[in-house]
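Please read the structure below before turning to the comments.
The values are calculated or read from the model by the stated rules, or taken from the named source; none is laboratory data. On a predicted model such as this, the values are computed, not experimentally measured, just so you know. Don't worry about glycine lacking a Cβ; one is built from the backbone with ideal geometry, like all the others, and counts go over all protein chains shown.
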Amino acid sequence: MSNKMRAVVYDGPFKVSIGEVERPKILHPNDVLVKITTSCICGSDLHMYEGRTAAEKGIVFGHENMGIVEECGEGVSLLKKGDRVVMPFNVACGHCQNCEEQRSAFCTNVNPGFAGGAYGYVAMGPYPGGQAEYVRVPFADFNALKLPKGKQNEEDFALLADIFPTGWHGVELSGFKPGESIAVFGAGPVGLMAAYSAKLRGASEVYVVDRVPERLQKAESIGCVPVDLSKGNPAEQIKALRGGKEVDRGVDAVGYQAVTADGKTEQPNAVLEGLIAVVRPTGGLGIPGLYVPKDPGAPDSNSAKGYITFPFGKLFEKGLTVGTGQCNVKKYNRYLRDMIISGTAKPSFVVSHNVTLNEAVDAYDKFDKRVDGYTKVLLHP
């Protein structure tokens, strides 16, 4: 077998290419090598793609990966060649304090000096991504979730790597209880998964804020109330729809690249302000949307250093709780897998395009520009 493979390689802001890179090898007895069948382009990849991180040229993208086990290290006991698996985007050891407490996104062993590791992402450790033909999975017995054999539910299972658990996590962080109302800011893949998760968990009403018509239509198609950001202050729109009442919970599925109503001006604190305004006193906020310690393309000097201003006084006055941080995928993925198998959940409604790995350059461009209906793209080597 060749020691080279094709992969999506970062070449600089707004530039990726299909390059020939070293094929991964087993480096530790606990590793497996997975032949990729599906990898996804994530909104988080766009932060690197747009030059809004410290990502350097040559990084192989791809933290949402699934495929077939090709080779196992001698220490692997739960997996075997031919197993169909999906990998949480979190690379985690499984035995540090955080991993043992189901906080695998904050593993302290896999990426010293940073809270957690991931495949193919800047500052998240030495783990090349899976937008490629193969990926190496460390601590594989912990990091790979077995799936039913065959090709059934491929699109659904691929979303277990990140966005389905992350959407669920955003709702969990908010302190949501069945029967409550919730507002989700952002109708990208994670926002739609948060809204879908809230519906699955028994929300009475789900409001979804965005300004892209196709995204709002997707939200409406699953029984949510779409709120068009371009038509004015979303918090006021939601309260008007509710006769002046606020909602019980809120989810930020946007993060640090939030924009004003016209969609032309970045305002990193826009969603945080909106959530504080629209959630009732003693309600809760879940913030799975990405915020970074440094932002090279920030609109001001404070946010460039990761400092975001927001009305803390109002947050305090209302007694709001706040939950934030990356998703601990391992905490949720086997349960969500079983919901897919049973037919209870079908998260693949967010998938807009299935393309080959060779079409990734064009897919990145269109996904970044939000054109031609590109909302969630799956890559197949």
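General observations
- Being surrounded by fewer than 19 Cβ atoms within 10 Å (Cβ to Cβ) and under 27 Å from THR166 (Cβ atoms) is a property that does not hold for PHE61.
- Exclusive hit being within 16 Å of the chain's Cα centre (by Cα), within 23 Å of LYS35 (Cβ to Cβ) and in a loop (DSSP other than H, G, I, E, B), set GLY120, GLY82: GLY120
- Within region 1-34, if we keep just the residues that are surrounded by fewer than 16 Cβ atoms within 10 Å (Cβ to Cβ) and of a type in the set (Lys, Arg), the residue that is nearest to LEU78 (Cα to Cα) turns out to be LYS25.
- Only a single criterion out of (1) buried (at least 24 other Cβ atoms within 10 Å of the Cβ); (2) under 18 Å from the mean Cα position of the chain (by Cα); (3) closer than 24 Å to GLU56 by Cβ; (4) not β-branched (Val, Ile, Thr) is not satisfied by ALA132, namely (2).
- Of all residues in region 270-325, those satisfying the criterion of being surrounded by 14 or more Cβ atoms within 10 Å (Cβ to Cβ) and part of a strand (DSSP E or B) are VAL279, ARG280, GLY283, GLY284, LEU285, GLY286, ILE287, THR321, VAL322, GLY323.
- In region 204-222, the count of residues that are surrounded by fewer than 19 Cβ atoms within 10 Å (Cβ to Cβ), in contact with a helix residue (DSSP H, G or I) (Cβ under 9 Å, 6 or more places away or on another chain), assigned to a helix (DSSP H, G or I) and at negative phi is one or more.
- In region 239-269, the residues that are free of Cβ contacts under 8 Å to residues at least 12 places away in the same chain and assigned to a loop (DSSP other than H, G, I, E, B): GLY243, GLY244, THR260, LYS264
- Taking residues in region 88-100 that are in the same structural domain as LYS146 (by TED's automatic domain parsing) and farther than 23 Å from LEU159 by Cβ, and partners anywhere that are assigned to a helix (DSSP H, G or I) and at pLDDT 95 or above, the pairs with Cβ atoms closer than 6 Å and at least 6 places apart or on different chains are CYS93/CYS99; ASN98/PHE106.
- Filter result for SER197 (of a type in the set (Ser, Thr, Tyr) and either surrounded by 24 or more Cβ atoms within 10 Å (Cβ to Cβ) or closer than 22 Å to ARG280 by Cα (or both)): yes
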